[in-house]
Amino acid sequence: MKNKEALLELAGRVDMVVLGPGLSLAAETQELIRQLAAGIEKPLLIDGDGSPPWRSSELIRNRPAPTILTPHPGEMSRLTGIPVAESEKSRIPILQETATDLQALVVLKGAIP
């Protein structure tokens, strides 16, 4: 958390921010992601391990700028709480429901079965 302010300052100088690739699922890292996303006032793309904190839709709904999530099926399962096998059977309806609930653009990686 010691770099939070520096990261927010940097985010303020760009047009868009990407969070997630290469991050860990450690609790401290996930909390930092939550705090950064709440403080970033630019469009935000959240990929990879940046997605677990978003199970609470309020974290995204309260953002002042657009949010894009790009989960693969495993990350989508963590995001929704729906097992991969089940979500793959109803991929498009679950994707639409998740995007509507989060008020975000969700790009689910992988092929349509």
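The values are calculated or read from the model by the stated rules, or taken from the named source; none is laboratory data. Predicted model, so just to flag it, every value in this text is computed and none were measured. Virtual Cβ from ideal backbone geometry, glycine too; neighbours counted across all protein chains shown. Heavy atoms of the whole protein, side chains included, go into the accessibility calculation; ligands, DNA and RNA do not. Shrake-Rupley method; radii C 1.70, N 1.55, O 1.52, S 1.80 Å.
Applying the criterion of being within 19 Å of Ile46 (Cβ to Cβ) and at pLDDT 90 or above to the residues of the range 85-97, the residue that is least open to solvent (accessible area, probe 1.4 Å) is Ile94. Among the residues of the range 54-64, those identified as closer than 22 Å to Gly110 by Cβ and either at pLDDT 85 or above or open to solvent by less than 40 Å² (accessible area, probe 1.4 Å) (or both) are Trp54, Ile60.
Among the residues of the range 23-33, are any open to solvent by less than 80 Å² (accessible area, probe 1.4 Å), assigned to a loop (DSSP other than H, G, I, E, B) and among the hydroxyl-bearing types (Ser, Thr, Tyr)? The answer is yes; a qualifying residue exists. Mind checking which residues of the range 7-22 are open to solvent by 60 Å² or more (accessible area, probe 1.4 Å) and either assigned to a loop (DSSP other than H, G, I, E, B) or out of contact with any helix residue (DSSP H, G or I) (no Cβ under 8 Å at 6 or more places or on another chain) (or both)? Across the range 7-22, the qualifying residues are Glu9, Leu10, Arg13, Asp15, Met16, Val18, Pro21, Gly22.
Being at pLDDT 90 or above, crowded, with 18+ Cβ neighbours inside 10 Å, on the phi < 0 side of the Ramachandran plot and among the hydroxyl-bearing types (Ser, Thr, Tyr) holds for only one residue in Thr80, Thr67, Thr100, and it is Thr67. For Arg78, the conditions (1) farther than 18 Å from Pro43 by Cα; (2) assigned to a loop (DSSP other than H, G, I, E, B) are fulfilled apart from (2). Residues in the range 103-113 that are hydrophobic (A, V, I, L, M, F, W, C), open to solvent by 70 Å² or more (accessible area, probe 1.4 Å) and touching a helix residue (DSSP H, G or I) at 6+ places or on another chain (Cβ under 8 Å): Leu105, Ile112. Filtered by the rule that a residue be at pLDDT 90 or above and closer than 21 Å to Gly74 by Cβ, the range 8-43 gives a lone residue, Val18.
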